[in-house]
1. Can you list the helices (runs of 4 or more DSSP H) found entirely within region 29-142 that contain at least 1 residues being of a type outside the set (D, E) and modelled with pLDDT of 95 or more?
2. Looking at region 365-379, is at least one residue within 16 Å of the ligand (Cβ to nearest atom), under 24 Å from A64 (Cβ atoms) and out of contact with any Cys (no Cβ under 8 Å at 6 or more places or on another chain)?
3. Can you name the residue in region 433-446 that is at pLDDT below 95 and surrounded by 22 or more Cβ atoms within 10 Å (Cβ to Cβ) and is also farthest from the ligand (Cβ to nearest atom) among such residues?
4. If you scan region 222-236, which residues turn out to be over 25 Å from the mean Cα position of the chain (by Cα) and within 22 Å of M118 (Cα to Cα)?
5. Restricting attention to region 215-248, which residues are closer than 12 Å to A105 by Cβ, assigned to a helix (DSSP H, G or I) and either away from the ligand (no atom under 16 Å from the Cβ) or in contact with a Gly (Cβ under 7 Å, 6 or more places away or on another chain) (or both)?
6. Taking region 368-378 only, how many residues are of a type outside the set (K, R) and surrounded by fewer than 19 Cβ atoms within 10 Å (Cβ to Cβ)?
7. Return a yes/no flag: does region 319-330 have any residue that is modelled with pLDDT of 95 or more, out of contact with any Ser or Thr (no Cβ under 6 Å at 6 or more places or on another chain), surrounded by 20 or more Cβ atoms within 10 Å (Cβ to Cβ) and under 24 Å from F149 (Cα atoms).
8. Since E67 meets every condition but one in (1) more than 10 Å from the ligand (Cβ to nearest atom); (2) in contact with a strand residue (DSSP E or B) (Cβ under 6 Å, 6 or more places away or on another chain), which condition does it not meet?
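The values are calculated or read from the model by the stated rules, or taken from the named source; none is laboratory data. Here the structure is a predicted model, which means the values were calculated and not measured. Every residue, glycine among them, receives a Cβ derived from its backbone with ideal geometry; neighbour counts consider all protein chains shown.
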Amino acid sequence: MTPPKPPSRPDRVALWRYAKLFRADLLSAQPARLYRAWMAEFRTPFFRSFLVNQPDLVAEVLKARPEDFPKSDRVAEGLRPILGNSVFLTNGATWERQRRIIDPAFEGGRLRDTFPAMQAAARACADRLGPGEVEFEAEASHAAADVIFRTLFSIPIEHEMAAQVFAEFRAYQQAQPIVNLAALIPLPRWMPRFLPRRARRAGRRIRALITALTEARMAEIRAGTAPDDLATKIMTTRDPETGETFSAAEMVDQVAIFFLAGHETSASALGWTLYLLATHPDWQEALAEEIAGAGALDFAAMSKLRLTRDVFREALRLYPPVPMMVRQAACPEHFRDREVPRGSQIVLSPWHLHRHERLWEAPDAFDPARWQSENGRKCQREAFIPFSAGARVCTGAGFAMLEGPLLLAEILRRFRVFPVEGRVPEPVAHLTVRSRTGIWLRLERR
Ligand code: HEM
């Protein structure tokens with residue numbers, strides 16, 4: 001069975017219609033030719049944007065010269081109220097300093113320290129599940145938020161403040177579903193993008209809650225009573241160049257992005273992976289066998305889950321949680337045979353790159369075995385960017401590649417998953433790639 005893919009729009013549509021389609025859904029607003037094109041230009045009356053699919057151009061933007069393609073300020077606009085000056089939005093020297101302080105907390109060795117908290121969340125997720133039909137996206141969000149709270153602040157999602165932050169994030173997103181895609185919407189820069197009042201209010205409440213958590217932690221660090229979790233690691237790491245640590249205010253911005261970037265994305269990936277396994281029972285059984293053979297699922301055992309990782313990777317390919325990213329050309333460029341004026345928006349689309357018909361064999365098929373094939377290995381290097389690439393690669397990539405297989409393993413160890421008849425999920429891009437009507441699964445105990 002070919003995994004669900006959104007319908008493409010006809011090649012040519014009027015701008016107003018494009019804007020309307022876009023508001024409905026980013027993915028089906030795009031023409032089918034983007035799955036074959038190396039590059040496409042969108043001319044609007046207000047600015048130009050270039051979607052880049054050619055592997056060497058993608059590498060040029062993300063890896064070779066990231067400083068010439070900073071994050072687009074159009075994207076930042078919509079997210080700033082909640083993320084402030086977080087590492088996700090900054091550029092230049094501020095961004096470099098933030099990464100110097102944050103990156104060490106996510107390094108391989110440190111992940112080993114984080115693992116027990118992640119595992120406790122994964123087991124709690126499997127405990128919450130039971131036999132019968134379930135809308136799994138909600139469960140996945142719950143589980144991924146739990147992972148973040150436990151690893152960052154050593155508190156489970158049931159903690160009153162954690163539960164409140166989680167609920168407010170939901171309200172924020174419901175009020176503001178396409179905020180980070182504002183960069184692609186062909187509106188002139190002078191036109192105000194209203195943040196709905198509900199989103200503004202939820203944003204303020206989220207920041208207040210995170211501030212309280214961060215200030216309490218600062219006090220514990222000073223008193224020498226802080227647990228050794230990610231928050232403590234980050235708040236006590238000194239910038240090797242200046243010797244300074246983050247102030248509490250700076251840390252609030254970073255915590256906000258860890259919540260947002262770290263739970264929505266992992267939740268999206270987990271939901272799609274389980275759906276793909278529900279519809280490919282042979283792969284599901286192969287994974288169950290691998291997981292049973294891995295023993296106690298401690299940190300060392302995770303490296304044995306090779307098939308599980310290949311399946312998770314295949315889900316990240318077919319349903320990249322972050323479907324598109326936007327950069328801005330800081331200087332005039334020449335891409336292929338085209339002039340790219342300064343200030344143009346450069347769109348990198350994991351969604352299209354991962355299903356590119358001239359790069360991947362059977363691009364729309366679910367085939368985790370591809371990762372061991374020559375084509376799969378080549379594409380993994382050149383055309384697979386679920387975590388972006390280069391200097392601005394996702395800080396949490398290693399974390400997420402541990403968390404995803406672990407959650408899968410804890411769930412599949414206890415349950416068999418089946419699709420629910422008549423409930424085929426339809427991918428749509430909101431903050432992340434989700435299903436329009438949720439991901440429905442039927443669970444049976446093993
Ligand atoms: C499957 C899970 C995840 C996926 C697919 C994912 C994907 C991405 C992508 C594509 C970007 C680059 C966005 C852009 O350039 O516009 C990014 C950035 C980022 N992600 Fe993740 N992410 C995941 C999980 C996480 C987790 C678990 C954390 C933290 C705990 C995290 C923290 C961040 C941060 C801080 C950035 C900003 C990095 C920078 O701009 O320098 N992500 N992520």
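1. Helices (runs of 4 or more DSSP H) meeting the threshold: 55-59, 92-102, 108-128.
2. no
3. For region 433-446, the residue satisfying everything is S435.
4. T225, A226, P227, D228, T236
5. T236
6. The number of residues fulfilling the criteria is 5.
7. Looking for residues that are modelled with pLDDT of 95 or more, out of contact with any Ser or Thr (no Cβ under 6 Å at 6 or more places or on another chain), surrounded by 20 or more Cβ atoms within 10 Å (Cβ to Cβ) and under 24 Å from F149 (Cα atoms), one finds at least one in region 319-330, hence yes.
8. Exception for E67: condition (2).
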